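Colleague: Please read through the structure below; I'll follow up with questions.
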Amino acid sequence: MLAQAIIPVEIWPILTFAVVIVMTAVSVRAFKLFARKFLVKLNEYWAIQTQRYGSWIIWLIGATLAMDELGLDPSLLLLVIGLAGIAIIISMKEILSNLAAKSELDVYRPFKLGDWIQVGRYYGRVVDMIDTETILMTSDNEKIIVPNQVFARTVVVNRSTREGLRVTVPVTIDRSRYGLADVERLLVEVGEELRDYLVRDREPAILIAGISEKQVEMELMLYIDNPAKKQEVISEVYRRISKLPEKIEGTSKKPRNTR
């Protein structure tokens, strides 16, 4: 009553309007600080979007209250708020889909950090998993960012199994020059020399792929622990075979990567 007696009645709604606007601005500022401090720890992108859309909503609510203080009909502004809310939900469709997909990944866990996976035409090691995306690192140290919703509609191949990645290296043997027993023994020795690359408890194996009158097609089969080392292992096998004193002839066939 004292305030109304000192301040003219005509000015009072204007002052109330100004107070509401100031309080709205303070609320927006506090909301942004909260989002920046706490939500960014969960997901930086999610924190930015929350700051943006949350600030809009607070401003619209504050504007509605301020218009009411001036005696203006806030119906139009309420309609704008409703339309803005629908627009926000539509614009956040991708984010919400990614969040839902992340929850599904947490339940079924088709892969974990450190696994080598293939998603579509992309292949790499899982280095990070956040609410909206999963980050892969290729063998060439290229970073691939995959939205989590992709895993819900794409076949995912997890190549990081306990058995390791099977790599076969073909070798052609001249039957008229070399004994198969000696060749097999030397190939196994080559595999054993690469033990640091192999899965524990998986021994190198020799397969006979084909036999003709003059040649024998053999394959050295190795189970490597790190799929990123595949080409390195293959190159090392051929390098060691070439150093064997005229006992094994390597082929130029492209090695097969199978499971």
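The values are calculated or read from the model by the stated rules, or taken from the named source; none is laboratory data. All values reported here derive from a predicted model rather than from experimental measurement. Neighbour counts run over all protein chains shown; Cβ positions are idealised from the backbone, glycine included.
Colleague: Given the criteria more than 28 Å from Gly124 (Cβ to Cβ), touching a residue at least 24 places away in the same chain (Cβ under 8 Å) and either of a type in the set (Val, Ile, Thr) or surrounded by fewer than 18 Cβ atoms within 10 Å (Cβ to Cβ) (or both), does Glu203 qualify? So that I can check it myself, show each step before the final result.
Modeller: Working: more than 28 Å from Gly124 (Cβ to Cβ): yes; touching a residue at least 24 places away in the same chain (Cβ under 8 Å): no; either of a type in the set (Val, Ile, Thr) or surrounded by fewer than 18 Cβ atoms within 10 Å (Cβ to Cβ) (or both): yes.
For Glu203, the condition - more than 28 Å from Gly124 (Cβ to Cβ), touching a residue at least 24 places away in the same chain (Cβ under 8 Å) and either of a type in the set (Val, Ile, Thr) or surrounded by fewer than 18 Cβ atoms within 10 Å (Cβ to Cβ) (or both) - is not met.
Colleague: Collect the residues in the stretch 237-250 that are modelled with pLDDT of 85 or more and within 10 Å of Gly191 (Cα to Cα), keeping them in residue-number order.
Modeller: If the condition is that a residue be modelled with pLDDT of 85 or more and within 10 Å of Gly191 (Cα to Cα), then Val237 is the only one that fits.
Colleague: Please go through the stretch 139-169 and give me each residue that is within 11 Å of the chain's Cα centre (by Cα) and polar (S, T, N, Q), ordered by number. Can you show your working first?
Modeller: Step one: filter the stretch 139-169 for residues within 11 Å of the chain's Cα centre (by Cα), giving 143-151.
The answer is Asn148, Gln149.
Colleague: Which of the residues that make up the stretch 130-171 are of a type outside the set (Asp, Glu), assigned to a loop (DSSP other than H, G, I, E, B), touching a strand residue (DSSP E or B) at 6+ places or on another chain (Cβ under 9 Å) and within 16 Å of Lys229 (Cα to Cα)?
Modeller: Just the residues of the stretch 130-171 that are of a type outside the set (Asp, Glu), to begin with: 130, 132, 134-139, 141, 143-162, 164-171.
Still in the running and assigned to a loop (DSSP other than H, G, I, E, B): 130, 132, 138-139, 141, 148-149, 154-155, 159-162, 164.
Next cut, touching a strand residue (DSSP E or B) at 6+ places or on another chain (Cβ under 9 Å) only: 132, 138-139, 148, 154-155, 159-160, 164.
Selection gives Thr138, Ser139, Arg159, Ser160, Gly164.
Colleague: Val156 - would you say it is closer than 21 Å to Ser235 by Cα and β-branched (Val, Ile, Thr)? First the steps, then the outcome.
Modeller: Numbers: closer than 21 Å to Ser235 by Cα: no; β-branched (Val, Ile, Thr): yes.
No, not satisfied.
Colleague: Across the stretch 157-200, what is the total count of residues that are under 22 Å from Leu136 (Cβ atoms) and surrounded by fewer than 16 Cβ atoms within 10 Å (Cβ to Cβ)?
Modeller: 5
Colleague: OK, next. Can you confirm whether Ile89 is over 18 Å from Ile145 (Cα atoms) and at pLDDT 75 or above? Before the answer, list the steps.
Modeller: Details: over 18 Å from Ile145 (Cα atoms): yes; at pLDDT 75 or above: no.
Answer is no for this residue.
Colleague: Additional query: Note down all Cβ pairs under 9 Å where the first residue falls in the stretch 18-33 and is closer than 13 Å to Ala63 by Cβ and in the same structural domain as Trp56 (by TED's automatic domain parsing), the second is surrounded by 13 or more Cβ atoms within 10 Å (Cβ to Cβ) and of a type in the set (S, T, N, Q), and they're at least six residues apart or on different chains.
Modeller: Correct list of pairs: Val28/Ser55.
Colleague: Could you list, in sequence order, the residues of the stretch 98-129 that are buried (at least 16 other Cβ atoms within 10 Å of the Cβ) and part of a helix (DSSP H, G or I)?
Modeller: Asn98, Leu99, Ala101, Lys102, Leu105, listed by residue number.
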